[in-house]
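What follows draws every value from the coordinates through simple rules; no lab data is involved. Just so it is clear, the model here is predicted, and its values are computed rather than measured. Cβ: placed from backbone, ideal geometry, glycine included. Neighbour counts: every protein chain shown.
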Amino acid sequence: MSKVLPLIQRSIREALRTPEALLPTLFIPLFFLVVNVGQAARIFPSNSTPFLAGQSYAAFQLPSSLLLAASFGTAALYLVEDIEGGYFDKLRAAPVPRTAIIFGRLAAEALKSAAIAVAMLLIAALPFGISIASGPLGFVLLILLTASWAVVFSGFMQLIALKTRSAAATNSAGLIFFPLLFLTPSFVPRPLLTRPMEIAATFNPVTYIMEALRSLVLHDLDWAAIGRGFAVVAAAGAVMVLLSVRSIRRYD
Amino acid sequence: MLTTLMTLTSGSARVAGVEVTKDPDAARNKIGVALQEAGLDPRQTGRELVILQGRLFGMPQEEAAARAIELLELVDLVDDADRRIKGYSGGMRRRLDLASALVHEPEVLFLDEPTTGLDPASRLTVWDELRRINERGTTIFLTTQYLEEADQLCDRIAIIDGGLIVAEGTPSELKADLRQRRGLTREPTLDEVFLEATGRTRERVAGEVQEVQA
């Protein structure tokens, strides 16, 4: 832990010193929220749409934007810069557990994502009148789950960075999130999807994270949905960390 | 391989008495590494970088901060310690890289072409730093293509060609050996020792087209 902490601090300094990389992470997901709500809100009025649980369509769409923001992590691109600039070798030549090198960036990514999620909730809540139906505990869980997803996705991106050592390849790999996001019940609940889409969404792990986030926004604490969401991030996170550590150990 | 950055494909390697494959962290604690490309993080300041390096070698924050001041003084970067590294010149980067490699007082310092790309003044400054570090008791393992540099700085030289050591000794031994074998009336240079040891001629080297792979 004593060696992870300075690496976390370094990653946070790095993020704070490149605000130009942080701002799109906040504003592009908000842009998508505004556009999606603008296009579909009149189809789903809150007073006659049961799945909105009395809230606006923006509340239903908010989890998609939170997940999108959490998937814009820059950890892997900074890792490629470290590799290309030689600093990564400097880290590898230090007596630092390989897990610390991975966790240093991922922990910083979690904190950054949590801060962005709070900012998004505050910014989105005011104009759209969104409230977190699950209360303060739900709010905390919402942030925690979003940050956990950021760790999973950053772990995946770091894995690509370690394997390819290429900024272009790492950047392109990040685009995989878009099919993952759109093969979910992002516009309507799962039972309202067409059968092929419902099957695809059922097999897509992101669906369960989105449904957990959505339950926290629209309903009281639904532990079954929340549990599924956290179980998915825990399983995916474990796989990503395991593969990343293996990759860094075999790195020559 | 000695720096633990590459996996051994066969055989074994020991550095400062430690088997690098068996206990890489023990080897890492005994060595400092400054690679050809100064491995620095351009978004940090010089001070932050050296402190971080100290903490990665297990120092508490206060001790790492004190050590950073000491090292930044050694490499004459105190005035620029709180500037971001991205604004440093090539020579400053090289000196900072040296400072960060020395943070844990390594027994052996590996330097890979430490003066490549530097102007003559910066090169002489780095040479002075290396002499000072060596005088303080650190063994320096220097890789260089500039044989004049090896002649100036090294007590012992090994010439490697095609992955094999083809000549080894002190600079004066190597030169005296060539002078004797060739019956030269003047002292040869290390460049001539190199050409002779590797079986090359200046004409052949000039005519060779080599593919370099990273």
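Some observations on this one:
- Coil-residue trypsin sites (Lys or Arg not before Pro) of the range A:171-252, DSSP, other Cβ within 10 Å capped at 14: A:Arg250
- Distance from the alpha carbon centroid of the range A:154-226 to that of the range B:41-62 works out to 38 angstrom.
- Sequence-distant contacts, meaning Cα pairs under 8 Å at least 6 residues apart, place the relative contact order of the range B:99-153 at 46 percent.
- Span from the the range A:95-123 Cα centroid across to the the range A:1-59 one, whole angstrom: 15 Å
- Under a 5 Å amide H cut-off, with hydrogens placed 1.01 Å from N, B:Ile157 pairs with B:Gly169, B:Thr170 among residues at least 5 apart or on other chains.
- Top of A:Ser113, A:Ser46, A:Ser186 by mean-square fluctuation, Gaussian network on chain A, Cα under 10 Å: A:Ser46
- Taking θ as phi - 60° and the Karplus parameters 6.51, -1.76 and 1.60, the scalar couplings of the range A:126-132 work out to 5, x, 9, x, 7, 10, 8 Hz in sequence order, x denoting glycine and proline.
- For the range A:1-78: relative contact order, % (alpha-carbon pairs under 8 angstrom, 6 or more apart): 31 percent
- When chain A is treated as a Gaussian network with alpha carbon springs shorter than 10 Å, the biggest mean-square fluctuation among A:Ala40, A:Ala58, A:Ala161 belongs to A:Ala40.
- Of the GluC sites (Glu not before Pro) found in the range B:66-143, those in coil by DSSP whose Cβ has at most 16 other Cβ atoms within 10 Å are B:Glu107.
- Each residue of the range A:221-236 is assigned a 3J(HN,Hα), and the resulting list reads 4, 9, 5, 5, 5, 5, x, 4, x, 5, 5, 5, 5, 5, 5, 5 Hz, derived from the Karplus form 6.51 cos²θ - 1.76 cosθ + 1.60 (θ = phi - 60°), x at Gly and Pro.
- Helix-only mean residue ellipticity at 222 nm for chain B, each DSSP H run of n ≥ 4 adding -39500 (n - 2.57), per residue, nearest 500: -13000 deg cm²/dmol
- 5 angstrom amide H check on B:Ala13, placed H, neighbours 5+ away: B:Val20, B:Thr21
- Close lysine pairs were tallied over the protein assembly as shown: pairs 8 or more places apart or on different chains with Cα atoms under 21 Å apart number 8.
- Computed over chain A, relative contact order equals 24 percent, with contacts defined as Cα pairs under 8 Å that lie 6+ residues apart.
- Cβ-based exposure ranking for A:Trp223, B:Trp127, A:Trp149, in which fewest neighbours within 10 Å come first: A:Trp223, B:Trp127, A:Trp149
- Annotation for A:Leu16 and B:Ala176: the two label points, set 7 Å from Cα along the Cα-Cβ direction, are 6.1 nm apart.
- Relative intensity, log₁₀ I(q)/I(0), of the range A:103-145 from a Debye sum that treats every alpha carbon as a point, q = 0.17, 0.32 Å⁻¹: -0.51, -1.10
- Label-to-label distance, nm, for residues given as A:Leu144 and B:Asp191 (7 Å Cα→Cβ offset): 6.9 nm
- The range B:67-214: equivalent-ellipsoid semi-axes (sqrt of 5 x gyration tensor eigenvalues, Cα, Å): 33, 18, 13
- Average silhouette area of the protein assembly as shown, convex hull of alpha-carbon atoms, in square nanometres: 27.8 nm²
- Karplus 3J(HN,Hα) series, Hz, for the range B:100-111 with 6.51 cos²θ - 1.76 cosθ + 1.60 (x for Gly, Pro): 5, 6, 9, 4, 9, 6, x, 6, 10, 10, 8, 10
- For chain B, the antiparallel share of DSSP beta bridges with both residues in that region comes to about 45%.
- Between the amide H of A:Ala94 and any residue lying 5 or more places away or on another chain, no distance stays under 5 Å, with hydrogens modeled in the peptide plane.
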